[in-house]
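Trainee: Here it is, the structure in full.
The values are calculated or read from the model by the stated rules, or taken from the named source; none is laboratory data. If you're wondering where the values come from, they're calculated on a predicted model, not measured in any experiment. So basically every Cβ, Gly included, is an ideal-geometry build from the backbone, and we count neighbours across all protein chains shown.
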Amino acid sequence: MRQTIKNYVEAAKRRRQEEGEGGFSLIELIIVVVIIGILVAIAIPIFSNIADTAANNAVEAAAGNGATAAAAAFAGTSDAAAAAASAATAATSAGDPPISVQLYAPATGTYNTNVTNVCVEAFASNSSKYPDNTKTAKSGPGCP
């Protein structure tokens, strides 16, 4: 079997030499490498931009989910203190580990106790997924 393959390869090599067929020339190979380099140079910044957009969208989604969870917690009870604690817990549970979510009280410094005043802030924690720690988002009807 091994000899058969070797004979076939050598016969194919002789046929190419007789017919004047050669491999690729050096210039053809260089042109292909240059074209691949140009495509890579274009693709890397585009991919980087897509990754940043995805990270921003993840933070915005966590803020939206936290606002929905907090509003549901406020709507589920009439006790203001229990509603605030439950809403804060619900908002916090909306984020993945590198994203922190918290109930936000812009003016009073205390938790809002009305569904229409819910505001949740999400921010990316400093991690390998969010290295610059500048991605923040607020969501809810009570946000400034």
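Trainee: Residue 68 - would you say it is modelled with pLDDT of 75 or more, hydroxyl-bearing (Ser, Thr, Tyr), part of a helix (DSSP H, G or I) and within 14 Å of residue 119 (Cβ to Cβ)?
Mentor: So residue 68 fits the description; yes.
The rows are residues; the columns are (1) closer than 30 Å to residue 121 by Cα; (2) more than 26 Å from the chain's Cα centre (by Cα).
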position: 11; (1), (2): no, yes
position: 14; (1), (2): no, yes
position: 18; (1), (2): no, yes
position: 23; (1), (2): no, yes
position: 29; (1), (2): no, yes
position: 39; (1), (2): no, no
position: 44; (1), (2): no, no
position: 50; (1), (2): yes, no
position: 57; (1), (2): yes, no
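Trainee: Would you be able to say whether some residue in the stretch 6-18 is modelled with pLDDT of 70 or more, among the hydroxyl-bearing types (Ser, Thr, Tyr) and part of a helix (DSSP H, G or I)?
Mentor: Scanning the stretch 6-18, I find at least one residue that is modelled with pLDDT of 70 or more, among the hydroxyl-bearing types (Ser, Thr, Tyr) and part of a helix (DSSP H, G or I), so the answer is yes.
Trainee: If I filter the stretch 52-75 down to residues being of a type outside the set (A, V, I, L, M) and under 14 Å from residue 89 (Cα atoms), which single residue comes out as surrounded by the most Cβ atoms within 10 Å (Cβ to Cβ)?
Mentor: 66
Trainee: Which of the residues belonging to the stretch 40-54 are among the small types (Gly, Ala, Ser) and at pLDDT 80 or above?
Mentor: Selection gives 41, 43, 54.
Trainee: Across the stretch 132-144, what is the number of residues that are modelled with pLDDT of 60 or more and either more than 27 Å from residue 51 (Cα to Cα) or part of a loop (DSSP other than H, G, I, E, B) (or both)?
Mentor: 8
Trainee: A further question follows. List every residue pair whose Cβ atoms sit under 6 Å apart, with the two residues 6 or more apart in sequence or on different chains, where the first one lies in the stretch 54-72 and is aliphatic (A, V, I, L, M) and the second, anywhere, is part of a helix (DSSP H, G or I).
Mentor: So the pair list comes out as 69/90; 69/91; 70/87; 70/90; 70/91; 71/115.
Trainee: Quick test for you: out of 85, 90, pick the one residue that is farther than 19 Å from residue 138 by Cβ, in a helix (DSSP H, G or I) and at pLDDT below 75.
Mentor: On the way: 90 fails: farther than 19 Å from residue 138 by Cβ.
Checking each option against the conditions leaves just 85.
Trainee: If you don't mind, another one. Does residue 112 count as modelled with pLDDT of 80 or more and either in contact with a Phe, Trp or Tyr (Cβ under 9 Å, 6 or more places away or on another chain) or not in a strand (DSSP E or B) (or both)? First the steps, then the outcome.
Mentor: On the way: modelled with pLDDT of 80 or more: no; either in contact with a Phe, Trp or Tyr (Cβ under 9 Å, 6 or more places away or on another chain) or not in a strand (DSSP E or B) (or both): yes.
Considered against the rule, which asks whether it is modelled with pLDDT of 80 or more and either in contact with a Phe, Trp or Tyr (Cβ under 9 Å, 6 or more places away or on another chain) or not in a strand (DSSP E or B) (or both), residue 112 comes out as no.
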